[in-house]
Every structure is written in C-alpha cells, then in structure tokens.
1. How would the stretch 1-54 be classified by its alpha-carbon gyration tensor: rounded, prolate or oblate, with rounded meaning a/c under 1.5 and the a/b versus b/c comparison settling the rest?
2. Suppose R0 equals 30 Å; then what is the FRET efficiency for GLU70 and LYS22 from their Cβ-Cβ distance, rounded to the nearest 0.05?
3. State the number of lysine pairs found in the stretch 141-236 whose Cα atoms come within less than 23 Å, restricting to pairs 8 or more positions apart or on distinct chains.
4. Between LEU175 and residues 5 or more places away or on another chain, which pairs have amide H atoms under 5 Å apart, with H built 1.01 Å from N, and which residues are they?
5. Could you calculate the contour length gain from GLU213 to ASP187, that is, 0.36 nm times the residue separation minus the distance between their Cα atoms, to one decimal place in nm?
6. What ranking do THR227, THR61 get, fewest neighbouring Cβ atoms within 10 angstrom at the top?
7. Quick one: Karplus J couplings for the stretch 225-236, per residue in order, coefficients 6.51, -1.76, 1.60, θ = phi - 60°, nearest Hz, x for Gly and Pro?
8. Select from LYS89, LYS224, LYS22 the residue whose mean-square fluctuation is largest in a Gaussian network model of the chain (Cα-Cα springs shorter than 10 Å).
Amino acid sequence: MRKFGLIGFPLEHSFSKNYFTKKFESEKLFDCVYHNYPIENIHQVQKIISDNSELIGLNVTIPYKQKVIEFLDTIDNEASEVGAVNTIKIVREQKGFHLKGFNTDIHGFEKPLLENLKPIHRSALILGTGGASKAVAYILQKHGIIYHYVSRTPKDDTIYSYNDLTSGLIREHKLIINTSPLGMYPDITKCPAIPYEAIGPDHIMYDLIYNPEKTLFLDNGEQKKATVINGLPMLYIQAEKSWEVWNS
C-alpha cells in the first residue's frame, strides 16, 4: 500500500483527502490511500513519518508551510525562493528517510490568474502574510506585477495595515488577493476589512479560499462588477502537481 496524506491544523476544511480518495477510485489505484494528519505541533511530523512506513508523500497546509522547512533534508529551487513548502516527497532509505520539499501552490495560483489578467493589472495587494502569500508574491514578481502585503500586524513599514487601506489605494491596486483564512468555513460571515466601495469593474478579486466557493470577500467584489476567482481551480492544479512530484 502506498500512503499519502495532509498535515496541518485544523483539517476539517480540507479538500485534499476527498480529492485524492476520488482520484484513486476513478483511476483504479487500489494500492493508494490518503489520510489526514491533524497535528497541533509541527514537531509531530517526524513521528508521523516514522510510524507510517508506507507513507511516501505529504501535503502541508496552514499553519505549517514555513515551519516545516527546518525538518526537510532538501528543498527544490522554487520552494526555496518562495520560502514555503506545501508538498513533501518522502524517500525511504535503509537508515531512515529523506524529505524533499516543493511548492505546488505557485503552479495552482498562476494559471487561473493569467487567464484573467489584463494590462491594467500592474499592481496588487496581497491580504495576509502566511505561507500561501509567499507563492502569490513569487508569481506576481515573475510577471512584473508590483505588490504590497497587507497584515493585521505589520512587521515593518513596507507592509500595509488594514487601517492604511484608503479608497485611493484600493482604486490604485486593481488586483487584490486574499491569502488569509478570513471567510473560510465555518466563519463564512467574515471577510478582510478593506474599503469595498472602491472596488470596480476593472478589479480582479482572487480568494485562495475554496470553502465556501463564494466567500463574502468575493461576493462583495461581484456586487461591484469585479472579476472574481475562487480557490478551487488552484487546488485542482496544485493537487495534480503534488501527485506528479510524488511519482517522479
């Protein structure tokens, strides 16, 4: 049996287990199984890998995409540049195991963005500063899009606080990406505190959340005729890229 899984906390919202279970069934991969491993401390990852000798691949979600790096033996170049890992390949060896980290979020985020991007979208706001935000920033930089992070607790003056966000700043930044968990099920009545009245038809509102499919953040954008993108396409793409990594 080949085992795969997901580490993070909490995992009630997880898409991955259902996705891969259906994939294994539809493709008749009867020797494959996918488990959730909710861990409250990242140090538990080593025990999970040690205790599950058939485990050969892990996905990583909130809040461990950056914290997990210290436990890896190697990290691929893109993940190293991003500074976050969401996929781990486990290579079993006689004396233990070798862990290599990858970031498939960058592939998942890029394609839906490019399908909607126009020349007017040259500056962006990234809401949140966690692991997923790093993949977003990597792709924006790759395509020459200027960006600023927005955080509830800015660490320096290069990061906006939500109180800094005026209507003028929102009009100036036609691409707004939510990488924070605000609005994720079950707290679906929440959304990032930005001046939504300044959103217009030229804006792209991209939410990495996929449950619910239309967050309050996206609903507010849609009411202002903005282009809205949810996190589902990104998830499908990054999941298949993870599968490719594990089987390479």
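1. Numbers: a/c = 4.96, a/b = 1.45, b/c = 3.42.
Because a/c hits 1.5 or more and a/b fails to exceed b/c, the stretch 1-54 counts as oblate.
2. Numbers: r = 33 Å, r/R0 = 1.11.
The calculated FRET efficiency here is 0.35.
3. For the stretch 141-236, qualifying lysine pairs total 10.
4. Amide H neighbours of LEU175: SER123, LEU125, ILE204.
5. Numbers: separation 26, 0.36 × 26 = 9.36 nm, distance 1.32 nm.
Here the answer is 8.0 nm.
6. On the way: THR227 18, THR61 21.
Arranged by neighbour count, lowest to highest, THR227, THR61 become THR227, THR61.
7. 6, 6, 6, 10, 10, 9, x, 5, x, 4, 5, 4
8. Sorting by GNM fluctuation, first place goes to LYS22.
Rule-based calculations on the coordinates, nothing more; no lab input. Keep in mind it's a predicted model, so treat the numbers as computed, not measured. Because the Cβ atoms are built from the backbone with ideal geometry, glycine has one as well, and the counts that use them run over all protein chains shown.
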